[in-house]
Structures are given as C-alpha cells and as structure tokens.
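**Q** I'd like to ask you about the structure that follows.
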Amino acid sequence: MAQITLNTLDARKADGRRFAMVTAYDAGFALAAAGAGIETLLVGDSLGMVVQGRGSTVPVTMDDMAYHTACVRRGVEAGELRPLILADMPFGAANTPGQAAANAARLMQAGANAVKIEGGAWVAETVRHLTERGMPVCAHLGLTPQTADMLGGFRLQGRDEAAAARIREEARVLEEAGARLLLLECVPDALGRAVSEAAKAPVVGIGAGPSTDAQVLVLHDMLGLGEGRKARFVKDYLAGRGSITEALRAFGEEVRSGAYPAPEHCYG
C-alpha cells in the first residue's frame with residue numbers, strides 16, 4: 001500500500017513531476033479518487049456550497065470539517081493508494097495561534113495529514129505556531145474565498161505589479177514560517193510561475209496557470225455538476241467519459257502531462 005506524504009510531494013517538485021489534487025467530502029468519492037491515482041485530496045470548506053447548498057463557505061463549522069475529514073480518511077483506508085489528505089480550517093477557526101492549534105489538532109485526529117489556512121502574511125505567526133507543534137500547514141493565497149467580500153468578490157488577484165509583489169512576498173514569508181505547501185488561487189499565469197519558481201515548497205494552483213507544481217479542482221466542478229457560470233479554470237472531465245473514475249483518472253493524467261490547464265483555462 002503506497003502512502004503519499006509531504007516528502008513524496010517535495011520529491012515530486014524536485015524532480016519536476018506534477019501531481020493532482022481534488023476535493024473530497026465522503027468515503028465513496030475519496031476511494032474513487034485514490035483508485036484513479038489522485039495523489040492528494042482536499043477536504044474543502046467548499047462543501048458548504050456544493051454539499052450543503054449554502055451561498056458561501058463562511059457558515060461551515062469545525063464540526064462539519066471534522067465529520068467530513070473522518071469520512072474521507074475511512075474511504076482511502078480501503079484503497080491501494082493512500083493520498084495525502086488536507087483539511088480546510090473553516091472561517092474563524094484560526095483567529096489566534098492557540099485557537100488554530102486546538103482546531104488543527106482536531107482535524108488531524110479526524111484523519112488529516114495537514115491543514116490549509118487562508119490568509120496572507122498575517123497568518124505567519126499561526127503557521128509557525130502549528131509547525132512547531134507538528135501540524136503541517138498549506139497556506140492559501142490569492143483569491144481566498146472565506147474573505148472574498150474583502151477582496152471585492154470572486155475575482156482575479158495580483159493583477160498589477162504592486163498586488164503581485166505583495167503575493168510573492170507573502171508566499172516567501174509563509175514558507176519561511178514553515179508552510180509545507182502553498183496554494184495559489186485565481187492569479188495571472190506569470191504570478192503562478194514566479195511563486196512556483198521561488199518556493200521550495202510545492203505550489204498547488206487553481207486558476208494560477210500551467211507552471212505550478214500541482215493543480216486542484218473542486219470535485220463537483222470537474223464532474224460538470226451544478227449550475228451557473230463556471231470559473232475559467234474549470235474543465236468538465238466527465239463529459240464524453242463513461243464513469244467518474246475515468247474522469248478522475250483523465251484529470252490526473254492531464255495534470256501530470258501538462259495538458260491541463262490549457263490556455264483557455266488560464267489568466268494571461
């Protein structure tokens with residue numbers, strides 16, 4: 001049984017081998033993703049929108065996150081590949097380092113291998129606090145959905161040089177604080193490339209161009225579920241395929257080969 005670890009992902013970056021990530025919220029889809037060879041799973045607070053039917057991620061609670069993390073962990077235990085599991089720290093769960101440590105410990109006890117925290121340089125102290133206590137962190141930069149209202153809505157970040165420079169510096173500060181992964185959402189291709197080249201930690205992109213070390217999509221988006229306007233970076237992998245497993249496998253293969261994201265999925 002192969003276990004994907006943070007060291008596995010570090011080695012992938014060092015060797016220039018991309019890896020794939022999808023969101024997962026239950027045991028069945030987690031097992032399907034593992035069976036399709038997806039290396040990393042994100043128990044995202046996006047469950048508030050795609051599972052609970054809410055208008056944003058803000059209402060998601062720690063109880064919700066712990067429950068779904070435990071479901072995903074049980075799912076991957078049955079497979080031959082055990083992906084690394086990230087779990088989101090929901091809105092308000094990391095306002096202080098002490099609060100963050102208590103909540104991160106709960107998610108790891110539920111089955112997460114690492115936790116993801118949204119925010120810029122202001123969360124560096126929290127990242128350092130968790131890292132020193134053996135709780136690995138993925139730092140989420142760019143478009144941060146929990147605070148989208150502060151950013152003017154769900155829109156491209158790092159458009160001008162000043163904004164791009166701020167995100168590059170925040171990535172540096174957060175990695176220096178101990179972040180083992182960086183996630184960049186909805187930024188221009190050039191910024192995704194600059195952060196990925198500067199960082200030693202693997203960089204996961206979602207709408208961050210083709211140069212990041214990994215790509216992540218929300219499961220429901222990549223399966224063509226839901227209605228309304230889709231973000232530019234979304235691709236329906238179930239279209240023309242006979243099963244969800246085939247769709248997941250195709251996504252992983254396209255990420256590793258560099259076929260995804262194609263130019264039409266990127267912000268130039």
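The values are calculated or read from the model by the stated rules, or taken from the named source; none is laboratory data. The shown structure was predicted, so the numbers you read here are calculated from the model rather than taken from an experiment. Don't worry about glycine lacking a Cβ; one is built from the backbone with ideal geometry, like all the others, and counts go over all protein chains shown.
**Q** Among the residues that make up the stretch 236-256, is at least one of them under 23 Å from residue 118 (Cβ atoms) and not aliphatic (A, V, I, L, M)?
**A** no
**Q** Separate question: Of everything in the stretch 248-261, what is in contact (Cβ under 8 Å) with a residue 12 or more places away in the chain, assigned to a loop (DSSP other than H, G, I, E, B) and farther than 29 Å from residue 55 by Cα? Give them in sequence order.
**A** If the condition is that a residue be in contact (Cβ under 8 Å) with a residue 12 or more places away in the chain, assigned to a loop (DSSP other than H, G, I, E, B) and farther than 29 Å from residue 55 by Cα, then 258 is the only one that fits.
**Q** Name the single residue that is nearest to the chain's Cα centre (by Cα) among those in the stretch 1-20 being of a type in the set (A, V, I, L, M, F, W, C), outside any helix (DSSP H, G or I) and closer than 13 Å to residue 82 by Cα.
**A** The qualifying residue nearest to the chain's Cα centre (by Cα) is 4.
**Q** Are there any pairs, at least 6 apart or on different chains, whose C-beta atoms fall under 6 Å, with the first in the stretch 223-242 and within 23 Å of residue 52 (Cα to Cα) and the second of a type in the set (Asp, Glu), and if so, which?
**A** Qualifying pairs under 6 Å: 224/236; 234/221.
**Q** Name the single residue, out of those in the stretch 213-247 being assigned to a helix (DSSP H, G or I) and over 16 Å from the mean Cα position of the chain (by Cα), that is nearest to residue 83 (Cα to Cα).
**A** 245
**Q** Mind checking which pairs have a first residue in the stretch 134-162 that is aromatic (Phe, Trp, Tyr) and a second that is at pLDDT below 95, Cβ under 7 Å, 6 or more apart or different chains?
**A** Listed by first residue and then by second, the contacts come to 154/143; 154/148.
Per-residue answers, yes or no, for (1) assigned to a helix (DSSP H, G or I); (2) within 24 Å of residue 86 (Cα to Cα):
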{"residue": "159", "(1), (2)": "no, no"}
{"residue": "167", "(1), (2)": "yes, yes"}
{"residue": "175", "(1), (2)": "yes, yes"}
{"residue": "187", "(1), (2)": "no, yes"}
{"residue": "197", "(1), (2)": "yes, yes"}
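**Q** While we're here: Do the conditions hold for residue 30, that is, is it under 18 Å from the mean Cα position of the chain (by Cα) and free of Cβ contacts under 8 Å to residues at least 60 places away in the same chain?
**A** Yes; evaluated as a whole, the condition is true for this residue.
**Q** In addition: Of all the residues that make up the stretch 97-129, how many are in contact with a Ser or Thr (Cβ under 7 Å, 6 or more places away or on another chain) and either modelled with pLDDT of 95 or more or among the hydroxyl-bearing types (Ser, Thr, Tyr) (or both)?
**A** The number of residues fulfilling the criteria is 8.
**Q** Quick check on the stretch 59-73. Is at least one of its residues under 23 Å from residue 146 (Cβ atoms), touching a residue at least 24 places away in the same chain (Cβ under 8 Å), hydrophobic (A, V, I, L, M, F, W, C) and in contact with a Ser or Thr (Cβ under 6 Å, 6 or more places away or on another chain)?
**A** Looking through the stretch 59-73, none of the residues is under 23 Å from residue 146 (Cβ atoms), touching a residue at least 24 places away in the same chain (Cβ under 8 Å), hydrophobic (A, V, I, L, M, F, W, C) and in contact with a Ser or Thr (Cβ under 6 Å, 6 or more places away or on another chain).
**Q** So, in the stretch 41-75, of the ones that are part of a helix (DSSP H, G or I) and of a type in the set (Ser, Thr, Tyr), which residue ends up surrounded by the fewest Cβ atoms within 10 Å (Cβ to Cβ)?
**A** 67
**Q** Same structure again: For the subset of the stretch 77-92 comprising residues that are at pLDDT 95 or above and outside any loop (DSSP other than H, G, I, E, B), which member is farthest from residue 248 (Cα to Cα)?
**A** Once the filter is applied, the top-ranked residue is 88.
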